[in-house]
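Read the structure below first, then the notes.
Only the coordinates and a few stated rules stand behind these numbers; no lab work does. The structure displayed is predicted, hence computed values, not measured ones. Here the Cβ is made from the backbone with ideal geometry for all residues, glycine too, and neighbour counts use every protein chain on show.
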Number of protein chains: 2
Amino acid sequence: MGITEKRARHKEAFRREILDSARMIFIKRGYDGFSMRKLAEKIDYSPTTIYLYFKNKDDLLFAICEEFFETFLTELNRIRSVSRDPLRTLRQAVLYLINFGLLNPDQYKLIFFTKSVYGTREELVEQETMARNTYFVFMEIVQECIAAGKLRKLEADVIADTFAIASHGLVAKSIFCANSAKGKNEVVALTLVDALLRGLRK
Amino acid sequence: MGITEKRARHKEAFRREILDSARMIFIKRGYDGFSMRKLAEKIDYSPTTIYLYFKNKDDLLFAICEEFFETFLTELNRIRSVSRDPLRTLRQAVLYLINFGLLNPDQYKLIFFTKSVYGTREELVEQETMARNTYFVFMEIVQECIAAGKLRKLEADVIADTFAIASHGLVAKSIFCANSAKGKNEVVALTLVDALLRGLRK
DNA sequence: TGTTATTCTTAACGCTGTTAAGTTACCAGA
DNA sequence: TCTGGTAACTTAACAGCGTTAAGAATAACA
């Protein structure tokens, strides 16, 4: 192993360390509560060192989002490979996302309710991100439901949006609204998803 | 009219002016983009003067939220007085909220996705705010639907939450997700609400 | 006119993201 | 082993932020 290679490895590992520390602070203190100086202190380097590994604060957030979508995409493919019933696949996919949000509200908020890290739709399509890939796979699942005659023949993106909305709304409510029914989030989740499936079934 | 009364009136008017200017900046630039210094410049006073009329930045946001819930509550009562069919009332109420969100995404974001200005559930119930009153009226509408045998006999707060979630999710998606189907928000809104009503109907 | 309360401003503290410039550490070639 | 260059990192600074303490100006009343 050459020395330049060793250096590259160390650099990669250091980038990882920065990213992991950043995620912890982001999740714990929120977007505003996060600061480059706090991150610097945590990793025991000066604030400016971070800029050698990430373009800026939002670039750190982008990297964190991409990592989430990577695991989400993996999970989608797993669910898909296990179940052959597309409607069941769809239900499990949505419930997975909701469950993640309810278990990790701060991270969900960070990823979905903080900044439009992926820009406009055109930029997203061009950019070859994990977020884009995940959205495409999700659309495929919905289209399989329609093709199998399990869902009403609405446009696939409308239905896909509808389910994404369910998750977003549910988690948003549990995060932001103090007057939401505490401890009933799981009940509401099932009520919501199954009501939607019932309402959209052929 | 005494002079002290005149002063009180002027003070009230000035407070209004500050609040209106604050809302403009908040909506235009978001929570982070808003600053006390920018507000001060807009109203042509020093930053510290604002603190004589509002406790701090979040107190300004609270006042803006309360004003929204006041108009929303008025609208809820209007819809209710016009229509006798509770299910139709519920549908219109939800669509009003969604429509407001789609037309005023920045303000919706500010009110629902920025900070938990109303604290915990206990604090909300104690505090006698417009937000609390609005939530109670919304719950009443749902309960009327159940009492009239139009909805499945789930717990009222679960159903109320489900519809609030629909609105939150839809608007959240249109705000934050670049990959949402642009220009189709109205279609998605109707699909979502009617699917829910269909799914929750008795 | 003198006293007092109200209203507003100046100055400051300790934060923030980010950049420019300078310093140290290390590796390659002679 | 010495030297040149580069990669890694730091110091210092700019302009902005929310908020507070203390002082100045204004207006109301005696």
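Normalised size of chain A, defined as Cα radius of gyration per 2.2 N^0.38 Å with N residues, equals 1.18. Taking every residue in A:107-113 and counting other chain Cβ atoms within 10 Å of its Cβ, the average works out to 2. Residues of the range B:92-117 with the amide nitrogen closer than 19 Å to a label point 7 Å from the Cα of A:E123, along Cα-to-Cβ, please. Flagged as within label range: B:106. For the range B:86-106, the residues whose backbone nitrogen is under 12 Å from a point 7 Å from the Cα of B:A148, taken along Cα to Cβ, are B:86-93. Shielding value for B:135-144 is 1, the average number of Cβ atoms from other chains within 10 Å of each residue's Cβ.
In this label model, A:R198 and A:K11 are separated by 5.8 nm, measuring between points 7 Å along each Cα→Cβ vector.
I'd like the GluC sites (Glu not before Pro) in the range A:95-181 restricted to DSSP loop residues with at most 12 other Cβ atoms within 10 Å, sorted by number. Write out the running numbers ahead of the final one.
Numbers: sites: A:E122, A:E123, A:E126, A:E128, A:E140, A:E144, A:E155; in loops: A:E128, A:E155.
When the GluC sites (Glu not before Pro) of the range A:95-181 are filtered for loop state and at most 12 Cβ neighbours within 10 Å, A:E128 remain.
The mean number of Cβ atoms from other chains found within 10 Å of a Cβ in peptide B:186-193 is 5, as a whole number. A label point on A:G149, set 7 Å along the Cα-to-Cβ line, lies at 3.5 nm from each of its counterparts in the other copies, closest listed first. For the rotational copy pair B/A, the chain B residue whose Cβ lies nearest the symmetry axis, together with its distance in Å, is B:G169, 1.
Take A:E75, move 7 Å from Cα toward the beta carbon, and the resulting point lies 3.4 nm from the same point in each other copy, nearest first.
Listed by chain and number, the lysines whose C-alpha is less than 18 Å from the C-alpha of B:K28, apart from same-chain residues fewer than 8 away, are A:K115, B:K38, B:K42, B:K57, B:K109, B:K115.
Annotation for B:D44, label-to-label distances across the other copies: 5.7 nm (shortest first, one decimal, point 7 Å from Cα along Cα→Cβ).
Can you put B:V142, B:V158, B:V171 in order of Cβ neighbours within 10 angstrom, beginning with the fewest? Mind dumping the intermediate values first?
Details: B:V142 24, B:V158 17, B:V171 28.
Ranked by crowding around the Cβ, least crowded first: B:V158, B:V142, B:V171.
Applying a length cut-off of 20 Å (Cα extent along the axis) and a mean Kyte-Doolittle floor of 0.5 to the DSSP H helices of chain B leaves B:86-103, B:130-147, B:156-176, B:185-200. Using the Cβ-Cβ distance between A:D58 and B:N133 with R0 set to 30 Å, the FRET efficiency from 1/(1 + (r/R0)^6) comes to roughly 0.15.
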